[in-house]
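The numbers here are math on the coordinates, done by the rules we state, and not lab data. As the structure is a prediction and not an experimental result, all values here were calculated from the model. A quick note on method: Cβ atoms are made from the backbone with ideal geometry, for glycine too, and the neighbour counts reach across all protein chains shown.
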Amino acid sequence: MQDFYRLFMLNPQPMLIYYPQKNRIGVINEAVQKIYQYTENELLNMDLLDLEADIPQNTMTFHTQAYESLHQCKDGTLIHVEVSVQDFIFQGENTQLILIRDVTAYKKQEEELLLAKKRAEEASQAKELFLASVSHEIRTPLNAIMGMGYLLAKTELNPIQKNYNDTIRVSAENLLAIINDILDMSKISAGKMSIETVGFKLQDLIRNLCNSIRYRAEEKGIGLFTEIDRRIAPILLSDPLRLYQILLNLVTNAIKFTDKGQVEIECNLVIATQATNIIQFRVIDSGKGIDAEKLEKIFEAFSQEDDSISREYGGTGLGLSISKNLVNLFGGKLEVQSKKSTGTAFTFTIELGIGEEEDIPQKEQEIGRVQLQQGLEGLKLLLVEDHDINIFVATSILAQWNIKPDLAHNGKEAIKALKQQKYDVVLMDIQMPVMGGIEATKIIRKDLKLDVPIVALTANAIKTDVEKYLAVGMNDYISKPFEPALLLKTILKVTNFNLDMEKMYDLPKLRTMFHDNEATVRKMLELFVQNTPALLQELHTAHQNQNYNKVKDMAHKIKSSIKILGAEDLGIDYEHIEDLAYPTLENLENLAQLVHKAIEQTQTLIQEIQTDLR
């Protein structure tokens, strides 16, 4: 007992012996006096409850093994303590050995961390709200600019006017791309960007990428080439949209900074398992290159090699930063090698799953093939919008499809209109005076109990906003500025409006291409009907004679006309014929089926055009 007493008294840990039956402190060590600043006699005449600062004495017990509490020192100072209680026989009496640990510093640090976290969350929320507000304020007039440009392109323009309008369109699209880049950067930094998993064909992704950007390379007189490892699985599982975005950023940059030579996209299989392919992607150019000491800087947001780059080539300096962060989300790392005046190579390696045909999302039918002038007549549409220019743009676009909408300038007017008449679809702006779109939708769903399809027309593009729209009962949304084709597709989707979707070619596209000159459009169709049968015969003969170079040439010729007509699916078949026209056993079997299918469908297309010409 003497050894215990000596250790008890000399222990730097504040300790005391408490007599619960007598409600008083019996023995203390020196560390207890130091922490509470009471003398020994003062403490020995106190109940442990006298030290408590935040718990009423009549509710406090010491049967728990451990607890946290707030104690008050002699000078009034409050300290956070951890109290450990252990039943203990001391000098023949039932007592409790109590250990006290001052955790005030830890509590203060914890509170500071919680406060810092709260402030960071508030700052992040403020940033998101600011970006949403900026995006909204820019997108609203941008919607008017792009919409008016679209409508202007439908009118008869001379070459100078067309050039002016094209410049307006390209500038507006560039501004929209900058806004989207900033929003992407915000989502990535907030950890709100995720990678989806769907099936896709890498060869199709690379082909679509090159088709969308080849004109830029041709304008500069440089080559754009691809090399895809044939061992890569035909169907992969990952996020094709984000992979496309990475490669598009890298290839766009490569073309931008290359004045002669070429840009090449390489896709090489590194490791293959039964379930995955590890693939290395490389984008290589023969451009101006980057100084070695500036290589790391190029991945920073809003950063370029030097200020003159922005002045000469434009851009925000966000593309590479976004690509780097997206590659990180895939579990890879974006690396760069470059030599000044020689060229640059960007490389990343990621693991992608192997999928099946059923993993590929079903492609929606092309809207451009529809005879819209007749098909949408009679559709009852309510447009809820308060901005006069946006009203003009929307009604003008809808008029192309023979839709004459009813108008409501706010949610209150929309509710009144819906009480008086039945509509097939409602296009609902979000931010409006009197009553906004969200509040109006809640009333339409809960009070009016209407299931009319509601599509949000919104300048807000933040994901949390979109989730909010869908949660209150909206069926879909379209971000401003919107493409007319997307508006049409969304209307058709939410209304299930019955249209003739069997046209194989895109007559509206042809009319736009030839500025609504019906004589030119007709001549184009007549030439296709006259010349294509001979080309089909040459393709068939070349395939029968196993002249695969000729097969490739004929497929390329036919594809060019097919693409002009807007027969996109058929055009892709001819692209596949070009890709397969080399002698391996597997390719020859696929090629035979594809040539037969393409010839048959092209003959059907010719018959359809002949019928329309009559």
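Listing for the model above:
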{"item": "Set LYS489/LYS597; LYS523/LYS550; LYS108/LYS294; LYS256/LYS550; LYS220/LYS297 screened for pairs whose C-alpha atoms are more than 32 Å apart", "result": "LYS108/LYS294; LYS256/LYS550"}
{"item": "Convex hull of the range 423-479 built on C-alpha atoms - directionally averaged projected area, nm²", "result": "3.7 nm²"}
{"item": "Average Cα contact separation per residue, the range 387-534, under 8 Å, 6 or more apart, as relative contact order %", "result": "16 percent"}
{"item": "Directionally averaged shadow of the range 402-447, computed from the convex hull of its alpha-carbon atoms, nm²", "result": "3.3 nm²"}
{"item": "Distance between modelled label sites at HIS596 and ASP3, nm, 7 Å Cα→Cβ extension", "result": "9.7 nm"}
